[in-house]
Every structure is written in structure tokens, then in C-alpha cells.
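Here the structure comes first, spelled out in C-alpha cells, and everything after it is commentary.
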């Protein structure tokens, strides 16, 4: 149960920061802004089968899960490690690298799922967006795990704010725009479709929009699960080999 | 009985050696002071013993157990007070201590935290946010935090750095109380007066090498200096900037 102590600590600190609007809304604000601006601006003319609002609301749900699972975990670990050095408290505790990684990753999952839930509630309230299907719910959870583990790995790797910004600028932001959150991937140039289609946010978006367990949905879940497991394994190795 | 045994510890960063074949042991119940000029390797050595830095060579044993193979068990019995205040800034004193107690699996954590807060006269500060603590109170809280699992070995990295003389004396009294309670303590310091007052033995490092290991009295005797500061300057050759 060592992992639970890490999870509890992360969630406790998050609860303490909830009053801090800059912290809470930094990763919620963009999906919300996109949701309203694009729904109003492009909704009537987007030409998406089934309507643009249902399409976009699920895309924003995916983005919210990604941003909150990844960014909040990466910031918590990296800032705790090189500014406040509070992360070192975990490293000098009797907890195993597996416990530390699992607790921190699950805290990332919780952050992502909570943020995703909030975005969906807003989309439902404002635009009567349809609820996520079962594959969609599975997609939310497994992509939160994938991005939580990625955030943990990056948090351990990044030695300063610039390194963290580099990952956000060159990996997270391009995924935000090219992984089918705002428009179908099929509208991208064919060479870019081949790359973008395999990225975790694209797989998550496909699951979010799947009505049932089709072969494609199952494949997406399998690939996302494998990616999450690989990133988790890398994180455990990084904690194990940690040295200042 | 030796609580801590170091043999041949070496560490280099980017080709620059910061610890070079350092070895010594620390007996149960003693206070060993790690002294040396800036960059001598004191903090790196303490980080190696606490598992934050991996050595390139050498072995560390604590409580007769090899560190590599028994890291978790050793850390469970080691209280670490870092140089900086790394308490969770968003938490109150009591909350920060409870979080730590949970990480270390302390049983009846609330009672234990309450007892230590009372013993170290921190009860009136228990609901104050950590980020609002003065330097002295933060140091005291860090020491109390390290004591929560009741560890037999304590590693203190510059326990009184940046504190005014009165608070520093308070920290000294606290450290002596811990020694009297049977704790084994390894501390680093830049204050010669502190080392002279607290330490049973001194390990003097210079450029990553152990150049002296004995009592403060012997150190003064060896250098012919009247004070530990004279001896320190004589042996480490840091009289000029």
C-alpha cells in the first residue's frame, strides 16, 4: 500500500492548491475556450457528419485529460524536484520505485479524469453534448494513465523549466492541434495522417468517438495500454537509477 | 558497534572528482561532524548515504547491512534533515508531519505527531502554513519530521545554517538531547564553533579527500591552532579567497 501514500500526498497537495485559480484553470481554460470559440465560430459550417459540437466536445475532453494528466504530473514532479526539493522526501523514504511511480501516475489519472469530467459537464450544459460511450470512458482512463506516466517520466528528466517547456512546445502542443481534436485527421495531408494517427491523443480521440467496441476501438485501447505500460516501466527505471 | 561504515567512496561529475576514496565509520551514539571548505564533498557524501546520489565506487553499510541491497530497510531507520526547507509549502506544520509519517508507515501517526510537536514546543505552530515559518522554526520542524519514525541514525546537512545565534544554540541543545537519547548523528557544518561544541569526532574533507579523522581536540593539537577555526584554515589551506 506504499503507492497509496504517494497518491494520497499528491491529491492532498492538489486539494490545497484548488483555491489557486492560476493553478486550477491553467490546464482547464484552453479546452474550455476552444470549446466555446470553435462551437460558436465553426459549428454551423464545419461539415462534420453527426454535427460539430458532439465532435468537438469529445476532442476537448481528450485534450483536457491529456493536459491535466501530463502537465500537472510533470510540474508536480519537476518543480518538487528542482525548486522545492519536496520530491526528494519520497526518494529518501522506504517506498519502492514502483510505489512512487504508481502513486504519482494514479494521481495523474485522477487529475485527468476530474478535468475531463468537468469539461464534459460544461459541454453538456452549454451545448447538450452527448455522453461518452463505454469505449470513450475506457479511453479517458487509459489515456490519463498514459499521459500521467509520461508526465512523471518527463518530470524526472526535466532539470529546469526550459526542458519542460520544450516537451510542451514540441510534443504536447502539436498533438493538441494535429490529433483530430478540432477536425478529423483525414483532413490533414496524407503524410501527416500516417504520423498523427498513431499518437496517443489520436487514439484517445478515436476511442472517445467510438459508439461501440469495434475492432478499431479495441486496437486503440490495446496500443494506448501498451504505451502506458511502457512509459510506466521507464518511469520505474528512472526512479530506480535516480542520482543527483 | 558501528552504525555506519563507508569504504572507498568515490564520485565524479563530468570528470571532476568530488569524492575520492573516502572511508570511515560512525559508532553508535556518537556525533560525527563532516567538515570541509565549500566544494569539499560534504553534501555529496551525505546524499550518497541517504541514497540520493549514486557513488561511482565504494561501499556503504548501515546497521551492518549493505546499502545497495537493503536501501529501503536502511532508509526506514535513517532520519534525514536536508540543507534546504523541503517541507510541503502548501501544508501546515501538522499536515506536513502527518504526510511524512504516512510515507514512513508510522503507526498511530496522529498521536506520534502530537507527541513530538509537544516535546519540541511546536504545538502552537501546528496550524501555521509551512511557507510562513521562520528559518529557525522550519529547521526545527525538519528535525522533528526526521524523528517521526524514531530512527536510530540521523543525517543533518548544515542543521543551523542561516540561523541567528540564539536559535542556533537552541538547535544545538536539541541535537545534544538526541545524542543523549541514543541517536547516532552525522552532520555537516561550516561553523567551527558548532563542530567543536557538538561533535565527538570530526571528518575533515578537502577536495573530496578525507584528510583528518579524530576528535576536535586532536585536530587543534595536530595543527597547533588555538581554535578549531585556526586548525581548519591551517589544514584546508583556505585562508585566501
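Bear in mind these aren't lab numbers, they're just calculated from the coordinates by the rules spelled out. Being a predicted model, the structure only gives us computed values, none of them experimental. Note that each Cβ is placed from the backbone with ideal geometry, even for glycine, and that neighbours are counted across all protein chains shown.
Odds and ends about this structure:
- Partner chain coverage, peptide A:237-244 - average Cβ within 10 angstrom: 3
- Sorted ascending by nearby beta carbons within 10 Å, beginning with the fewest, B:92, B:188 become B:92, B:188.
- Listed residues B:168, B:119, B:27, most fluctuating in chain B (Gaussian network, C-alpha, under 10 Å): B:119
- Kirkwood hydrodynamic radius (C-alpha pairs) into Stokes-Einstein, segment B:67-198, 37 °C and 0.692 mPa s, D in µm²/s: 218
- Separation in nanometres of the label points that stand 7 Å from Cα toward Cβ, at residue B:134 and residue A:37: 5.0
- Between the helical axis of A:215-240 and the longest alpha-carbon principal axis of chain A there is an angle of about 20 degrees.
- Longest to shortest principal axis, alpha-carbon extents of segment B:1-100, angstrom: 42, 33, 25
- DSSP finds beta bridges in the protein assembly as shown, and of those with both partners inside it, around 55 percent are antiparallel.
- The long axis of helix A:97-127 is offset from the longest Cα principal axis of chain A by roughly 30 degrees.
- Taking the C-alpha atoms only, the angle from helix B:135-147 to the longest principal axis of chain B is near 80 degrees.
- Chain A - Rg (one decimal) and Dmax (whole number), Cα, Å: 17.8, 58
- Shielding by partners for peptide B:41-54, expressed as the average number of C-beta atoms from other protein chains within 10 Å of each residue's C-beta, is 2.
- Label-to-label distance, residue B:209 versus residue B:179, with points set 7 angstrom from Cα along the beta-carbon direction: 2.9 nm.
- Of B:3, A:195, the sequence from fewest to most neighbouring Cβ atoms within 10 angstrom is A:195, B:3.
- Within 10 Å of each Cβ in A:87-98, the average number of Cβ atoms from other chains: 6
- Peptides A:210-217, B:67-74, A:177-184 ordered by average Cβ neighbours within 10 Å, highest first: A:177-184, B:67-74, A:210-217
- Comparing Cα centroids, segment B:108-175 and segment A:136-162 end up 35 angstrom apart.
- A prolate overall shape is assigned to segment A:1-115, the ratio a/c of its alpha-carbon gyration tensor axes (a ≥ b ≥ c) being 1.5 or greater and a/b exceeding b/c.
- Projected label distance in nm at residue B:121 and residue A:229, using a 7 Å step from Cα toward the beta-carbon: 5.8
- Semi-axis lengths, Å, the protein assembly as shown, gyration tensor of Cα atoms, sqrt of 5 times eigenvalues: 52, 23, 19
- Between A:229, A:126, A:218, the Gaussian network model of chain A with springs among Cα atoms under 10 angstrom shows the greatest mean-square fluctuation at A:126.
- Expressed to the nearest 5 percent, the antiparallel share of DSSP beta bridges inside chain B is 55 percent.
- Calculated mean residue ellipticity at 222 nm for chain A: -25000 deg cm²/dmol, from DSSP H runs with n ≥ 4 weighted as -39500 (n - 2.57), summed, divided by the residue count and rounded to 500.
- Cα centroid separation - segment A:26-79 against segment B:17-39, whole Å: 55
- The three principal axes of the C-alpha atoms in chain B carry coordinate ranges of 49, 42, 36 Å, sorted with the longest axis first.
- Mean ellipticity per residue at 222 nm, deg cm²/dmol - from DSSP H runs of n ≥ 4 across chain B, formula -39500 (n - 2.57): -11000 deg cm²/dmol
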